[in-house]
Each structure stands twice: as C-alpha cells, then as structure tokens.
1. Have a look at 63, 44 and point out the one that is crowded, with 22+ Cβ neighbours inside 10 Å, modelled with pLDDT under 95, in the same structural domain as residue 137 (by TED's automatic domain parsing) and not in a helix (DSSP H, G or I).
2. Scan the range 209-237 for residues that are touching a helix residue (DSSP H, G or I) at 6+ places or on another chain (Cβ under 9 Å) and in a helix (DSSP H, G or I) and jot them down.
3. Determine if the range 103-120 includes at least one residue that is at positive phi, buried (at least 17 other Cβ atoms within 10 Å of the Cβ) and touching a strand residue (DSSP E or B) at 6+ places or on another chain (Cβ under 6 Å).
4. Which condition breaks for residue 92 when tested against (1) at pLDDT 75 or above; (2) buried (at least 16 other Cβ atoms within 10 Å of the Cβ); (3) within 18 Å of residue 125 (Cβ to Cβ)?
5. Return the pair list, or none, for Cβ contacts closer than 9 Å from residues in the range 138-149 that are on the phi > 0 side of the Ramachandran plot to residues that are surrounded by fewer than 23 Cβ atoms within 10 Å (Cβ to Cβ) and part of a strand (DSSP E or B), at least 6 apart or on different chains.
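The values are calculated or read from the model by the stated rules, or taken from the named source; none is laboratory data. Here the structure is a predicted model, which is why all the values come from computation and not from measurement. FYI the Cβ positions are ideal-geometry reconstructions off the backbone, even for glycines, and counts take in every protein chain you see.
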C-alpha cells in the first residue's frame, strides 16, 4: 500500500520546509540531540512492552527511524507501518529500510479500524490542528488495550531558559547548523522548530484532549532536556 494518497492536516508550507531539509534531517536531529536520538527511539519501542509480533504504526515518521526501531525490536511483526505527509521524507524512510511506508497524517491514518496494537509518533503532534479529530482517528486504528506514545519537544516554563532556547534555535543555531550540515534549509528548519515548539499547547491541554477522546491511563512524562512524551491506552471493553 506504499504511496497511498491520504488527506493531511499539515500546513503546505511546513511540508515544503521538511521536504527541502529532508536529506539533512537525521544529521540535524543527531546534532541537536547530542547523539541520543537512537537511544530514545529504542527506549520508546521497548517501553511499550509489546509482544514480538505486535502491530505498530508510526505517524509523522519522517525518515522512518521509529518504525525501523520497531522492526528491530518486534522481529515477528508483519505489520509495522510508517506514515508521513512529506514525499521526500517517505522516500528517505523507504531508503533507510522502513518496509511499509504510506502517505498520511494524524488526520487520516491509512490503516484499517482496530488493526494496530500501538501508535507512536516523534515530534509530529504539535502540528495537529484539531486534537479531538486526531485522537479520534488514533482511537479508530487502535485495538482495545492498544497503546499510544507521542514524543514531543516542549519549551521550558522558565523565562530565562525560554530566552536561551530562542537564542539557540532562532539566533546562532540556524547559522551554525547551516554551515555544519551544508544546507541553508536546515537553518530554516531550526527557526521553524522554535516557532512550532513555542506555540504548541501546554502538556495539560493535550492530556485533557486525550482523555476527552476516551483514552485511559493518560499521562505526560518529562524525559529530559526539551523531550517529553504523552502516553495513553485504549480501554479494554
């Protein structure tokens, strides 16, 4: 089903920005995370405590890193799906080894009803325009007992830390990483990171929306640095 065209809720300009920076995205991500990106992907998949044949969908998969980690840690699964609205990102995910890559987003996940044991996402929930619709779609594709884990970057509450982060992401960072990555698009993406992270809803708003959508065991966990995760489960009926 690779290449299915699905409706998306992502701003077209944001998609073009990610398309332009796609080839340097992994390098930029590793530099910003100080090389910890592979660790937290492994941690995310292992924390789900799924059987080795569990089904999983990665929404907003980017270059496919979370889905590929799932392929490693769920070796008996025949149903690990990577979903992204960006054609360039999907192409890179397939090149990196993601086995099933499809077009889509939180607005329209191209899988059957109640077909997934888990849904994961890395740094994509902040682009959701309507939490109610997105989490209803997540409920649709997850089986009873299915688990949802959304990794996201959240700006610190401290004014001093916010100012420092803004300086790094919109000031010196874009110029520095454009040179290091050899791509002006990476600098544009870094500035966009600040704009999208700083305008993202507080964690309690996201948690409330997940609860209203019928998820249980909903929580937000601070992981470290800018990284946090939203976790929830579909009730067993």
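1. Details: 44 fails: not in a helix (DSSP H, G or I).
Result of the check over 63, 44: 63.
2. Listed by number, the residues that qualify are 209, 210, 212.
3. Restricting attention to the range 103-120, the residues satisfying the condition of being at positive phi are 104, 114.
After this cut, where a residue has to be buried (at least 17 other Cβ atoms within 10 Å of the Cβ) as well, the list is 104.
Now narrow it down to the ones that are touching a strand residue (DSSP E or B) at 6+ places or on another chain (Cβ under 6 Å): 104.
Yes, the range 103-120 has at least one match.
4. (3) is the only condition that residue 92 fails.
5. Matching pairs, first to second residue: 145/117; 145/233.
To keep it simple, each residue is scored yes or no on (1) within 15 Å of residue 135 (Cα to Cα); (2) modelled with pLDDT under 75; (3) in the same structural domain as residue 130 (by TED's automatic domain parsing); (4) under 19 Å from the mean Cα position of the chain (by Cα).
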| site | (1), (2), (3), (4) |
| --- | --- |
| 180 | no, yes, no, no |
| 192 | no, no, no, yes |
| 213 | yes, no, yes, no |
| 218 | yes, no, yes, yes |
| 223 | no, no, yes, yes |
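Conditions (1) over 23 Å from residue 14 (Cβ atoms); (2) in a loop (DSSP other than H, G, I, E, B); (3) modelled with pLDDT under 90, marked per residue:
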{"position": "110", "(1), (2), (3)": "no, yes, no"}
{"position": "121", "(1), (2), (3)": "no, no, no"}
{"position": "134", "(1), (2), (3)": "no, no, no"}
{"position": "164", "(1), (2), (3)": "yes, no, yes"}
